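Chemist: Take this structure, written in structure tokens, and hold onto it; I'll ask about it next.
The values are calculated or read from the model by the stated rules, or taken from the named source; none is laboratory data. This structure is a prediction, so every number in the text was calculated from the model and none was measured. Neighbour counts are summed over all protein chains in view; Cβ atoms, including those assigned to glycine, are modelled from backbone coordinates with ideal geometry.
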Amino acid sequence: MNPQKPSPRLILFILALLLLVVVVHVGVISITFSKLGLTRESAFLLLFVSLFGSLINVPLFTIKAQAPVKVHDTYIPGYLRPYLEKLSGRTLIAVNVGGCLIPLLFSIYLFLTQPLTLFEILTGILLVSIISYVYSFPVKRIGIGMPMLIAPLFAAIVAIIINQELSAPLAYISGTMGVLIGADLLNFRHVSRMGAMVASIGGAGTFDGIFMTGILAVLIA
């Protein structure tokens, strides 16, 4: 029996649905960056650079891979950064351009261009780092997991409390840098025992992990 071919109407419906999702997604991100003082052109440029950069991991150094510790065995959808792969004796430590370096550079840009005090920024980063560390956990052969909405929600709340007028840029800086420090750097000691070949900081891709935390934090704030 020949398998039934999908009808043209069904194909058109799926394509239209995908196009709608993309338009809404890009529109949400454009609104987000407009709250940070960027023009539409600048927002799309940053989005494009982040998308392209998510394909690039900059290698830093390697460490000896030890026997995996007993951690969560499977990746849970909706959790951050499935960035570790298969073990081969050593683990390569890398930094993802779109998921880490771009948010880091943009946070520095916001710090230099927004009238936020150093105390406000350090306080926000510290608080989000603590909550990110508390809720993050190692996932065997995958990386460091954390419920995706925890950091953005907390970053937005902290930013509104600290400086309501500048809550959007403060939420972005606190969210991205807090996850980078609390979830990634403070859990670095687990990397060699994760049973992985590559550990890429921010390496789950652009629309997850550190980058997505910043986007959601700004939207909520």
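Chemist: Could you tell me how many of the residues in region 46-70 are within 22 Å of the chain's Cα centre (by Cα), surrounded by 13 or more Cβ atoms within 10 Å (Cβ to Cβ) and either modelled with pLDDT under 70 or part of a helix (DSSP H, G or I) (or both)?
Modeler: Qualifying residue count for the region: 7.
Chemist: Now a separate question. Please give the number of the condition Pro115 fails out of (1) at pLDDT 80 or above; (2) part of a loop (DSSP other than H, G, I, E, B); (3) more than 23 Å from Ala43 (Cβ to Cβ).
Modeler: Going through the list (1) at pLDDT 80 or above; (2) part of a loop (DSSP other than H, G, I, E, B); (3) more than 23 Å from Ala43 (Cβ to Cβ), Pro115 breaks only (3).
Chemist: Right, another one. Suppose we keep only residues that are modelled with pLDDT under 90 and surrounded by 19 or more Cβ atoms within 10 Å (Cβ to Cβ) within region 125-139. Which one would you say is farthest from His190 (Cα to Cα)?
Modeler: Filtering region 125-139 for residues that are modelled with pLDDT under 90 and surrounded by 19 or more Cβ atoms within 10 Å (Cβ to Cβ), the one farthest from His190 (Cα to Cα) comes out as Ser136.
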